[in-house]
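Following: one structure in structure tokens, then a few remarks.
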Amino acid sequence: GEPQAARARPAQASTPAQASTPVLEDVSQRPVVPETRPAVPSKAQLVTEFSGRKPVEWGLDVTGVVSKTASTHAVLTFDACGGPHGSDCDQRLLQTLRKLNVPATLFLNGRWIKANPGLAADLAADPLFELGNHGFQHRPLSVSGRSAYGIAGTSTVGEVYDEIMGNQEVMEQLCGKVPRFFRAGTAYYDDVAAAITRALQLVPVSFTVNGDGGATFPAPTVAAEVGKIGVGQGAGQIVISHFNQPAGGTAEGYARALPGLLDRGVTFARLGDTLTL
């Protein structure tokens, strides 16, 4: 969601130089070459490296998963989970964020992007927002088939790879750059799956504040939960909510809570402004 760097302008025409005068290259006109990263490991390489590992942790807060930042800002994250009942868009919520100029990180599932290609492109072009990878089929990330909230997780290293990378290339084309952050479906991971995510050069993200209870909270509850963010104790907190359920109470709850938070001096940032890989 960040603006693309401006293209280098063509060099201005100049008067012919005398033969004895060297013509120096204007280095300011050279295109900026982005820093290269090591190659992302292949599926086969990850299977070889991780297949023998046994997970010992499972849940929302396991080793390798980020649930809070060291920033002085709070981070609002909103998921779009996709699927038959999760591919809508809460435009009222987005309008509130834009009206109040509150930045956020939006985690998009591959099914949601497929159902909303134009809207996904609009969000990618909006500098207020940053897009993160929310998986290919919205599955909890496990190497042993663990489930969360009745949703079956991935069951092998290869399936973890497919759940992450099945949406990564789509998002790279959408954003014009490689996404840096990943949130599993339901935000559940085991520690091996979290390590695989990092091996794929993504930061696995969870949360500290559940803002809308999976888009089930009514507006007063959303406002109360989000309103708990405070200066000092709220610094660095990551809030999870959803922007794909416009019939829920999320939009109204945030419309109630955000003005008061801003009045109290709470500041907000995107994940990319607070975290590095």
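The values are calculated or read from the model by the stated rules, or taken from the named source; none is laboratory data. No experiment lies behind these values; they were computed from the predicted model shown. Neighbour counts are summed over all protein chains in view; Cβ atoms, including those assigned to glycine, are modelled from backbone coordinates with ideal geometry. Side chains are part of the model used for accessible areas, which takes the heavy atoms of the whole protein and leaves out ligands, DNA and RNA. Shrake-Rupley method; radii C 1.70, N 1.55, O 1.52, S 1.80 Å.
Quick one: would you say A195 is at positive phi, in contact (Cβ under 8 Å) with a residue 24 or more places away in the chain and buried (at least 17 other Cβ atoms within 10 Å of the Cβ)? Don't jump to the end; show me each part of the working.
Working: at positive phi: no; in contact (Cβ under 8 Å) with a residue 24 or more places away in the chain: yes; buried (at least 17 other Cβ atoms within 10 Å of the Cβ): yes.
Judged against the criteria, A195 is not a match.
Scan segment 207-222 and tell me whether some residue there is touching a Phe, Trp or Tyr at 6+ places or on another chain (Cβ under 8 Å), under 21 Å from G135 (Cβ atoms) and of a type in the set (S, T, N, Q).
no
Looking only at segment 83-138, count how many residues are among the hydroxyl-bearing types (S, T, Y) and outside any loop (DSSP other than H, G, I, E, B). Give the derivation first.
Here is the first cut: in segment 83-138, the ones among the hydroxyl-bearing types (S, T, Y) are 87, 96, 105.
Narrowing the set further to residues that are outside any loop (DSSP other than H, G, I, E, B) leaves 96, 105.
Result for segment 83-138: 2.
So if I check each of R256, R270, R180, which one is of a type in the set (K, R) and in contact with a Gly (Cβ under 7 Å, 6 or more places away or on another chain)? Outline the logic, then answer.
Working: R256 fails: in contact with a Gly (Cβ under 7 Å, 6 or more places away or on another chain); R270 fails: in contact with a Gly (Cβ under 7 Å, 6 or more places away or on another chain).
Step by step, each of R256, R270, R180 is checked, and only R180 is of a type in the set (K, R) and in contact with a Gly (Cβ under 7 Å, 6 or more places away or on another chain).
I'm told R180 meets every condition in (1) within 23 Å of K114 (Cα to Cα); (2) open to solvent by less than 50 Å² (accessible area, probe 1.4 Å); (3) not polar (S, T, N, Q) except one. Can you identify the failing condition by its number?
Checking R180 against (1) within 23 Å of K114 (Cα to Cα); (2) open to solvent by less than 50 Å² (accessible area, probe 1.4 Å); (3) not polar (S, T, N, Q), the one that fails is (2).
Go over the candidates D126, D162, D190 one by one and state the one that is charged (D, E, K, R) and under 17 Å from the mean Cα position of the chain (by Cα). Show your work before the answer.
On the way: D162 fails: under 17 Å from the mean Cα position of the chain (by Cα); D190 fails: under 17 Å from the mean Cα position of the chain (by Cα).
Among D126, D162, D190, only D126 is charged (D, E, K, R) and under 17 Å from the mean Cα position of the chain (by Cα).
Hey, does segment 78-95 have a residue that's of a type in the set (S, T, Y), open to solvent by 10 Å² or more (accessible area, probe 1.4 Å), on the phi < 0 side of the Ramachandran plot and under 15 Å from the mean Cα position of the chain (by Cα)? Give the derivation first.
From segment 78-95, those of a type in the set (S, T, Y) are 87; that's our starting set.
Filter once more, so that each one left must be open to solvent by 10 Å² or more (accessible area, probe 1.4 Å): 87.
Going one step further and asking which of them are on the phi < 0 side of the Ramachandran plot, we end up with 87.
Checking which are under 15 Å from the mean Cα position of the chain (by Cα) leaves us with none.
No: zero hits.
Of the residues that make up segment 153-175, is at least one open to solvent by 10 Å² or more (accessible area, probe 1.4 Å), closer than 16 Å to A80 by Cβ and hydroxyl-bearing (S, T, Y)?
The answer is no; no qualifying residue exists.
What do you reckon, is G158 closer than 23 Å to L46 by Cβ and assigned to a loop (DSSP other than H, G, I, E, B)? Explain how you work it out, then say what you get.
Details: closer than 23 Å to L46 by Cβ: yes; assigned to a loop (DSSP other than H, G, I, E, B): no.
For G158, the condition - closer than 23 Å to L46 by Cβ and assigned to a loop (DSSP other than H, G, I, E, B) - is not met.
Go through segment 65-77 and give me each residue that's in a loop (DSSP other than H, G, I, E, B) and either open to solvent by 30 Å² or more (accessible area, probe 1.4 Å) or out of contact with any helix residue (DSSP H, G or I) (no Cβ under 7 Å at 6 or more places or on another chain) (or both). Lay out the reasoning, then the answer.
Taking segment 65-77 as the starting set, the residues that turn out to be in a loop (DSSP other than H, G, I, E, B) are 65, 67, 69-73.
Correct list: S67, T69, A70, S71, T72, H73.
Based on this model, can you work out whether G118 counts as within 20 Å of K177 (Cβ to Cβ), surrounded by fewer than 18 Cβ atoms within 10 Å (Cβ to Cβ) and at pLDDT 95 or above? Break it down stepwise before answering.
Details: within 20 Å of K177 (Cβ to Cβ): yes; surrounded by fewer than 18 Cβ atoms within 10 Å (Cβ to Cβ): yes; at pLDDT 95 or above: yes.
Considered against the rule, which asks whether it is within 20 Å of K177 (Cβ to Cβ), surrounded by fewer than 18 Cβ atoms within 10 Å (Cβ to Cβ) and at pLDDT 95 or above, G118 comes out as yes.
Take the residues in segment 139-152 that are among the hydrophobic types (A, V, I, L, M, F, W, C) and within 14 Å of P55 (Cα to Cα), then tell me which one is least open to solvent (accessible area, probe 1.4 Å). If you could, list the steps in order and put the result at the bottom.
Let us first name the residues in segment 139-152 that are among the hydrophobic types (A, V, I, L, M, F, W, C), namely 141, 143, 148, 151-152.
Narrowing further to those that are within 14 Å of P55 (Cα to Cα): 141, 143.
Details: L141: 0, V143: 23 Å².
Ranking the candidates gives L141 first.
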